[in-house]
Each structure stands twice: as structure tokens, then as C-alpha cells.
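Visitor: Quick one: the structure is below, and I'll ask about it shortly.
The values are calculated or read from the model by the stated rules, or taken from the named source; none is laboratory data. Since the structure is predicted, the reported quantities are computational estimates derived from the model, not experimental observations. Every residue, glycine among them, receives a Cβ derived from its backbone with ideal geometry; neighbour counts consider all protein chains shown. What goes into the accessible areas is simple: the full protein's heavy atoms, side chains included, and nothing from ligands, DNA or RNA. Shrake-Rupley method; radii C 1.70, N 1.55, O 1.52, S 1.80 Å.
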Amino acid sequence: MGRAFAYVILGGGVAAGYAALEFTKRGVSQGELCIISEEPVAPYERPALSKGFLLPEARARLPSFHTCVGDNEERLTPKWYMEHGIELVLGTRVKSADVRRKTLLTATGETISYKILLVATGARALKLEEFGVTGSDAENVCYLRDLGDANRIFDAMQSCPGGNAIVIGGGYIGMECAASLVINKINVTMVFPEAHCMARLFTPKIASYYEDYYKSKGVTFIKGTVLSSFDIDSDGKVTAVNLRDGSLLPADMVVVGIGIRPNTGLFEGQLTLEKGGIKVNGKLQSSNSSIYAIGDVAAFPVKLFGESRRLEHVDSARRSARHAVAAIMEPEKTGEFDYLPFFYSRVFTMSWQFYGDNIGEVVHYGDFSGNTIGAYWVSKGYLVGSFLEGGTKEEYEAIAKTTRLKPAIEDLGELERQGLGFALTVSQKPLPSPPVEVNGVGLVLERPIYALHATAGVIVAASIAAFAYWYGRRRRRW
């Protein structure tokens, strides 16, 4: 028993939905495209799971956040896929892939063949058991990766109004879930081994700004230690969390966010892997010319920095999906993927955006007792990263443009003095040929290393920043 398609998307997350829409825009015929997903529902916007889905009132529920509403595109409901002749194979696990024969074998024994495969398998949440701690199967221990996980968190919150939640992990999931728990009037304690929250991105000073805000909302932070075990009652529920430092924390529910691991298992030994993901070229094509990879699972060249990265964020998933489909459908007209790394988050009334890379020396600016703060990262004499909290649409556009231009920096003290004004000034200037002084001081703009693609990229970066700002204001609950 088997079916054959010209194009198969393996995985049903954000990237799959955006790829499907792009296929239809580029003229895929009915019956040519299939999406295989382990989830029982059509692709949806995962950011809603840690925000709008967990709200105490006016909760986001499907079909309201099916892709591609997150990028101001149409909502792709199951009816949409049917009308466009796209086969949805849902609730189905693929247990093996044969790259040479171009076939996928499902857990039910069906063989699905393809001409072109788009791998959008994403990543899975790391489990406590991988760190030697048992108890993940307890009823009130939760992770957050898919809709089933979000339902589990919601049910746990409903069962303990005013109770105690322990959040294990201080990254994206931990911070966003902690905010949602607080909004639901749950007492929150965050536990993580690092010296501060969001350690992979934030500087200690930026982290302190957000931690102080969370503390003002009643959140307790316990840093520099990890979970060692649970106390579990006769009903199979966690009643307390034991930490390695000897602390015991009463718990009515536990949310675990300790990282993810890309789902590459089907292709190990068949495709070239890099940085934990599937290595792809600038067209997002793998070591096998019939297979492309997008989203969290893809390790792709970041032209601005001259090296490959694997980026774990929804914006990268959306944009890599579009580009891969363009490369598949119109290879002669499609250049290399030129992506400016972009991350953002919205918690409580706060909203930040980050562009580029957080390497090198850091220059902070803004009033850290107020509502607007920022930072620049300078490496080898060039500005390579920009962060802004509480900006306007124009200000977010400015830091995106400035990071894309990668201006040379001679005086860090002057950069600190100008602060956000530096990005606002630079972003209004055309790409210069000779060095140009900004405000008559030692901040010099030179032609960036990748000048040819920087000009076009500015337009894309500005569009991303503008939408992210609009979306945050109009759809705050997501």
C-alpha cells in the first residue's frame, strides 16, 4: 500500500504551513503536495501556545491561530488544504526514510514516495530523564512544544487556582510560561543553573532588567542550581521539587523548559548533519539534491556572518520555508537565503526585538529604570547585533537596518553616548562608498563586508521589524 506525490512536507509545524502557502502561490497543482504530521491538527502558530492559549479570559483556540495568521497572511484551515488539493496526513508518525529510494514508511505501514522532500520536522523538548531525573510522566509535570502540551499546562493551571508553580529553566519557554502563569494568578518560582535568565542571549544587565520586572509581579528566582528529584504522592502527582542545593519547594504544578533537540533521527547516516541539524546550502538544499530542510532542523549559511547557524525561532521557520519553496519551484530565479537573525518576545506589557549576533563587546544604552532600553554588540570593529525593548515601529526598523549594514565602530564610548540615536541616524543614510562620519565624531560607516546583498536585505529587515511591532500591538494576547 502506498501513495506518491511530487512534493512532500515532513512535519506539521509553523514551517510546514508557510511552505504550503508558498507552494500554492507558486502554482503547485492539486494532488501534488502532501503534508505528513504527527499532530492531529493542521499547522498552527506555535507562539500562541505560551501566550494567548494560556490566558485566563478570551483564550486563543484553533482555528483562530492556524498558520499563516502570524505573518498577516490568510488562515489555512483544514478546509483550505482540501480546496487547494493538498493532502493532510495527520496523526501519523514516519518511522523510517529511505533517501536513495525517495520513500517514507509510516508507523501504520504505508509507504509514501516523493520527488522532492521538504524536511520540517522541527525539534523536540529535552526531557528531565535525559539529565538523570525521573518523573516526567507525573500528571502535573508539563513541557511545551505542541498543542497537547499546552492543553496539559492549561488543565494543570485550572486544577490549582492560586497554587504554586515551579518553572524549570530560564530561557524562552520558561520566561513566557512564567508570565502566563502569573497572569493566571499562580505563584511562580523559576529555577535554573545559569547566573541570569535568557543566558544564551541576554547580558547580565539586560537580564537584571527583566528579572526585576518579574519580581515586581511576584516571581521568585532561584539561580545556580538544578532540579534533583520530585516528591510524588500516591495519586502520581508532584507535591514538591527537590533542588541540588538542598532546597525543597512545594509544588502544585511544574513546567519544564530546558531546551530542545532537532528531530534529525530519520536522516542520520543518510544526510550531512551540522550543528545538531541538517546541513543545507543557500538554497536550503541538503547533501541530497532532492531534499530540503527548513526551520529549527536546518543548519543554513548566514551570509552576514559567513558561517552556518541553526536558529530556533518562529521567524526563521517562516522565512526559510518561503525561500526553500521558491528555490524548489523557481530555482533559476531564486538566489541564496539572506537572513538577518531575528528574535523577539512579548511578556506582560513588555516587548523586545533582537537582530544579528550577540558576540563581542556590549554597549548598553537607555534608562534601565524606565521603559526603553537597548544594546549593541561590536565584534572586530563592526556592529553585529542590536537589541531594543519598548521601541516604536520606526525604532525597531532602525536597529534592523543598522545591523544589516554592519557599520564600523571606532569609539564604544561615543556609541554609548548616542545610544538609539546612532541607529536612527545610520538607518536614514544610503549605503556609503567612502567612510562617512556620524555627527562629526569617531563612529565611522564603511561599506559592509556583504555590500551587494545588504542593500536589498535592508528592505526585508525593515519589513520584518515593522510587522513584528504591528503584530505585537494588535495581537498582544498571542
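Visitor: Place the peptides 329-336, 356-363 in order of packing, highest mean first, counting for every residue the other Cβ atoms within 10 Å and averaging per peptide.
Guide: Going from most to least packed, we get 356-363, 329-336.
Visitor: What is the percent carbon and sulfur in the accessible area of the chain, measuring with a 1.4 Å probe over the protein chains and ignoring ligands?
Guide: 48
Visitor: Provide the FRET efficiency to the nearest 0.05 for the ARG261-ARG101 pair, computing r from the beta carbons and using R0 = 35 Å.
Guide: 0.85
Visitor: I would also like to ask the following. Specify whether the C-alpha gyration tensor of segment 115-205 places it in the rounded, prolate or oblate class, a ≥ b ≥ c being the square roots of the eigenvalues: rounded for a/c under 1.5, otherwise prolate if a/b is larger than b/c and oblate if not.
Guide: oblate
Visitor: Can I ask one more? Students often forget the sequence filter, so: which lysines lie under 29 Å Cα-Cα from LYS215 once same-chain residues fewer than 8 apart are removed?
Guide: LYS51, LYS127, LYS185, LYS205, LYS223, LYS237, LYS393
Visitor: Right, something else. Which Rg and Dmax, in Å, describe the Cα atoms of segment 58-171?
Guide: According to the Cα coordinates of segment 58-171, Rg and Dmax are 18.7, 56 Å.
Visitor: Are there DSSP H segments in the chain that both extend 24 Å or more along their axis (alpha-carbon positions) and score a mean Kyte-Doolittle hydropathy of at least -0.5? List them, or say none.
Guide: Span-like helices in the chain: 451-474.
Visitor: Measure off 7 Å from each Cα along the Cα-to-Cβ vector at SER159 and LYS223, then give the distance between these two points in nanometres to one decimal.
Guide: It is 3.3 nm.
Visitor: Here is a further query. Per residue, how large is the accessible surface of the chain? Use a 1.4 angstrom probe and give square angstrom.
Guide: For the chain, the solvent-accessible area averages 40 Å² per residue.
Visitor: Taking the simple approach of a point 7 Å from Cα along Cα-to-Cβ for both ARG93 and LYS380, what is their distance in nm?
Guide: 4.5
Visitor: Hey, got a sec? Which trypsin sites (Lys or Arg not before Pro) in segment 138-224 land in a DSSP loop and have at most 12 other Cβ atoms within 10 Å?
Guide: Passing both the DSSP loop test and the Cβ count: LYS185, ARG200.
Visitor: If contacts are Cα pairs under 8 angstrom and at least 6 residues apart, what is the relative contact order of the chain in percent?
Guide: 13
Visitor: Let me ask you something else. Out of every Cα-Cα pair in segment 24-71, what percent are more than 18 Å apart?
Guide: Within segment 24-71, distances greater than 18 Å cover 45 percent of Cα pairs.
Visitor: How high is the relative contact order of segment 34-183, in percent, counting Cα pairs under 8 Å that sit 6 or more residues apart?
Guide: After rounding, I find 24 percent.
Visitor: What percent do you get for the relative contact order of segment 327-411 when only Cα pairs under 8 Å and 6+ apart count?
Guide: 23
Visitor: In the chain, what % of DSSP beta bridges are antiparallel (nearest 5)?
Guide: Roughly 60 percent of the DSSP beta bridges within the chain come out antiparallel.
Visitor: Now for a separate question. From Cα coordinates alone, what are the radius of gyration and Dmax values for segment 342-395 in angstrom?
Guide: Cα radius of gyration and Dmax of segment 342-395 are 11.5, 36 Å respectively.
Visitor: Give me the Kirkwood hydrodynamic radius of the chain in Å, from all C-alpha pairs, to one decimal place?
Guide: Averaging 1/r across every pair of different Cα atoms and inverting gives 23.6 Å.
Visitor: Do any GluC sites (Glu not before Pro) in segment 43-93 lie in a DSSP loop with no more than 10 other beta carbon atoms within 10 Å, and if so, which?
Guide: Passing both the DSSP loop test and the Cβ count: GLU57.
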